[in-house]
Amino acid sequence: MKWNYPLKTVRITQRFGENSQVYKRFGLAGHNGVDFGCATGTALYAPCSMTIKVIGDQGNEGYGRYVRTWTTDGYELTFGHLLSVNPEVKVGTVLAQKTIFAYTDNTGFSTGPHLHFGVRKLTSTHEIDNYNNGYKGAINPLPFFMDDNEAVETLDPEHVAAIKWVSENHIMNIVDANTLGEPMSRKDLALVVHRLYKLIKNV
């Protein structure tokens, strides 16, 4: 079964398996999901029919505010670094595909607003399949998504660093992820500002 992307505007800022040095502290061989860059408060859509299993909050660690679900085709999905979950969504709630159920943020172990999306295969007894694969059972989510009519953009590391820097220093408020695609996009403006800062500081 193919899934929809959980965000309307899809921009990948970190792929599965990347940055092994960062995730070694968590006992992982690399990044255990896919990160989608987005503004704080961006609506999160159910990529498929799924049942809410956990609504949690790890504070300043891990996924921060997160939701974990089970799909009808035997997968566990994790949505991390959230702002909030819709009040009507509870453990046991069954969500139809494309239902808005939460909003993104920068909570937990995170350096900028984004959605962490993780996938693990479940066994017939709902245990994590292949848990010792180096990613605690997580697998690459990208092959599960439908690409038809989806504009997927991978941001280069310099753009990612610039967007994080202007956000953390309150220089620019990227309030709507859709504005990142405008002719003089905010991601490019952030890049220019960041480059000027480094030039002035000679860093």
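Applying the condition of being in contact with a Pro (Cβ under 7 Å, 6 or more places away or on another chain) and in a loop (DSSP other than H, G, I, E, B) to the range 18-50 and asking which residue is farthest from residue 110 (Cα to Cα) yields 47. Residues that are surrounded by fewer than 17 Cβ atoms within 10 Å (Cβ to Cβ) and in contact with a strand residue (DSSP E or B) (Cβ under 8 Å, 6 or more places away or on another chain) within the range 13-42 comprise 15, 41, listed in sequence order.
Scanning the range 62-93 for residues that are modelled with pLDDT under 95 and touching a Gly at 6+ places or on another chain (Cβ under 6 Å) turns up just one, 62.
For the residues 78, 71, the requirement of being more than 22 Å from residue 28 (Cβ to Cβ), surrounded by 15 or more Cβ atoms within 10 Å (Cβ to Cβ) and not aliphatic (A, V, I, L, M) singles out 71.
The values are calculated or read from the model by the stated rules, or taken from the named source; none is laboratory data. Computed from a predicted structure; not experimentally measured. As a convention, Cβ positions derive from the backbone with ideal geometry for all residues, glycine included, and neighbour counts pool all protein chains shown.
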